[in-house]
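Below is one structure, written out as structure tokens; comments come after it.
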């Protein structure tokens, strides 16, 4: 005997309604294609310095080759390399101390890693406050930023942060994620398309939000690695707070929302840095155990 069901009871659930929508189905297909492309074109490895399981695309040798290939163009874009011997020697000396700290940390853990051939460069740009690293160990700092830093410890803080990007494989991870992010953006566009719109704006917004989120996570992780390197190398990690003041002043008053930025605001980073300092003063050779963000 069958009981009469009310019209409400015969309606499909929310999941059924979504799956019956062709735009949603198209979005799910694109999402699946992006995910399997991501998995198929990358490999999972444990980063020897951070202990984090990540998916990457390039081998260390490929990272080094890419960085060396890109370095001359970056040097040209920032006015060439500043080759004053005293300053160059000092930058190399600071870099060597940071790399020695990196090696000591890994030796204490009994871990061997690929020894990137790091090189440190001062760029002859007296207006642009910037520092960055290329895959494989090419590290750059502009003359404009150097002039704003109040101490050798602060310079070490900037260089340590950039070394952190290389050690954490950030460029490698970003390249690996490109197909996944494209798949998510395409899925969002397809799922939100209407007769009047193809959903491209939504897809672009979703892609941008994810990309900036990953960027902020990488910056925080590099700050964390930088703090650890500074402590083990014998520098004052509090000098990174002076760097955050310089960066905050260079940003001026008008800012886009932090959620749209690839970097956390300097004030946010300063609060995080205080936490990292306390953690690594207690455990200078350990790994971060409080999540990756």
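Only the coordinates and a few stated rules stand behind these numbers; no lab work does. Note that the structure is predicted; figures quoted are calculated from it, not measured. Note: ideal-geometry Cβ built from the backbone for every residue, glycine included; neighbour counts use all protein chains shown.
Using the reciprocal of the averaged 1/r over all distinct C-alpha pairs, how large is the Kirkwood radius of the stretch 69-133 in Å?
Answer for the stretch 69-133: a Kirkwood hydrodynamic radius of 13.7 Å.
Cβ neighbours within 10 Å, averaged per peptide: list 160-168, 84-92, 138-146, 122-130 in order, most packed at the top.
Ranking the peptides 160-168, 84-92, 138-146, 122-130 by packing returns 160-168, 138-146, 122-130, 84-92.
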